[in-house]
């Protein structure tokens with residue numbers, strides 16, 4: 001049996017008839033940069049997230065960078081980031097040459113999200129040292145972070161909140177979809193995401209019109225009118241061709257997310273009796289976890305991965321090297337964030353996508369059971 005970790009070709013089979021019509025018109029018109037389809041997708045994505053505005057950009061990392069650059073930050077600025085996240089979250093602040101910032105990594109909780117108790121301790125200890133502060137919570141693996149407490153702390157300690165929603169398109173908490181809680185939110189639209197392009201892409205959401213206008217300018221060389229430059233900006237635009245692909249996929253995102261949830265439920269049912277495995281948990285404050293990743297934890301992670309590989313079952317480790325143990329950010333390692341370090345040696349992501357068949361799930365779970373028996 002051929003198992004795929006994520007089957008993107010099936011997505012194309014769903015959208016190709018309508019997408020091809022729009023792509024043919026695109027090539028006839030040749031508005032590859034700044035085409036009308038970008039505005040259409042931005043409007044539809046904003047409506048999907050329940051926000052006033054959305055701005056398509058080049059990728060998720062640039063989405064974080066542009067979001068940071070749009071905020072009225074005063075140096076010196078504290079930038080607080082989860083220790084358990086993809087490196088793009090922590091790279092983005094380093095790209096802003098005028099940002100005199102202090103990076104702080106916060107350990108994760110049992111749901112792999114930023115531990116808000118530790119966040120509060122950090123703010124109590126450090127907030128007065130900084131003129132500004134930006135909290136960047138990450139809705140990791142499709143599970144929303146504790147955004148209610150995060151927003152309360154942001155208000156109490158006068159901090160900006162930049163949601164990194166790159167792994168949680170369509171996830172819900174407090175009767176809202178992620179991407180509309182903070183001052184601004186960044187989404188990656190990398191092909192493997194719950195909503196993914198046919199290449200690199202990203203999008204930013206906000207309810208603040210001033211931030212919306214500034215990001216639109218920053219993504220286009222800092223220009224809101226051709227040849228007039230108000231800010232030091234970048235060439236970080238979303239391509240029209242990607243906007244068309246994304247807009248067609250957006251129509252099916254709720255359905256595909258629900259399919260992911262069903263796959264996760266089947267995994268849970270089949271693996272629940274295994275004492276050697278810790279299954280992903282859902283916090284009580286969550287309305288909808290969209291399972292971008294289905295990550296189990298086990299002390300036998302490497303041996304289990306090797307065994308599954310022999311059976312031609314692909315798995316991925318997210319993330320094998322914690323940010324503070326990378327060469328680039330080694331200076332952040334102060335022997336803390338112990339859960340993140342521990343989990344990096346235990347987490348293993350199983351195949352999950354909206355088109356998985358029951359027999360594939362049973363084959364995977366039976367193989368895992370064989371390993372432990």
Can you tell me which residue among 133, 108 is in contact with a strand residue (DSSP E or B) (Cβ under 7 Å, 6 or more places away or on another chain), within 30 Å of residue 232 (Cβ to Cβ) and buried (at least 17 other Cβ atoms within 10 Å of the Cβ)?
-> 133
Scan region 139-179 residue by residue and report those that are surrounded by fewer than 19 Cβ atoms within 10 Å (Cβ to Cβ) and touching a helix residue (DSSP H, G or I) at 6+ places or on another chain (Cβ under 7 Å).
-> 149, 174
Does residue 78 meet the test of being in the same structural domain as residue 242 (by TED's automatic domain parsing), more than 29 Å from residue 175 (Cα to Cα), in contact with a strand residue (DSSP E or B) (Cβ under 6 Å, 6 or more places away or on another chain) and buried (at least 21 other Cβ atoms within 10 Å of the Cβ)?
-> yes
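Report yes if residue 128 is in a helix (DSSP H, G or I), over 19 Å from the mean Cα position of the chain (by Cα) and at pLDDT 95 or above, otherwise no.
yes
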Just wondering, is there one or more residues in region 18-31 that are under 30 Å from residue 173 (Cα atoms) and surrounded by 14 or more Cβ atoms within 10 Å (Cβ to Cβ)?
-> no
Across (1) surrounded by fewer than 14 Cβ atoms within 10 Å (Cβ to Cβ); (2) assigned by TED's automatic domain parsing to the domain that holds residue 44; (3) in contact with a strand residue (DSSP E or B) (Cβ under 9 Å, 6 or more places away or on another chain), residue 227 clears everything bar (3)
Has region 232-254 got at least one residue that is more than 23 Å from the chain's Cα centre (by Cα) and either without any contact (Cβ under 8 Å) to a residue 40 or more places away in the chain or in the same structural domain as residue 33 (by TED's automatic domain parsing) (or both)?
-> yes
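The values are calculated or read from the model by the stated rules, or taken from the named source; none is laboratory data. A quick note: this is a predicted structure, and the numbers were derived from the prediction, not measured. Counting neighbours? That spans all protein chains shown, and the Cβs are built from the backbone with ideal geometry, glycine included.
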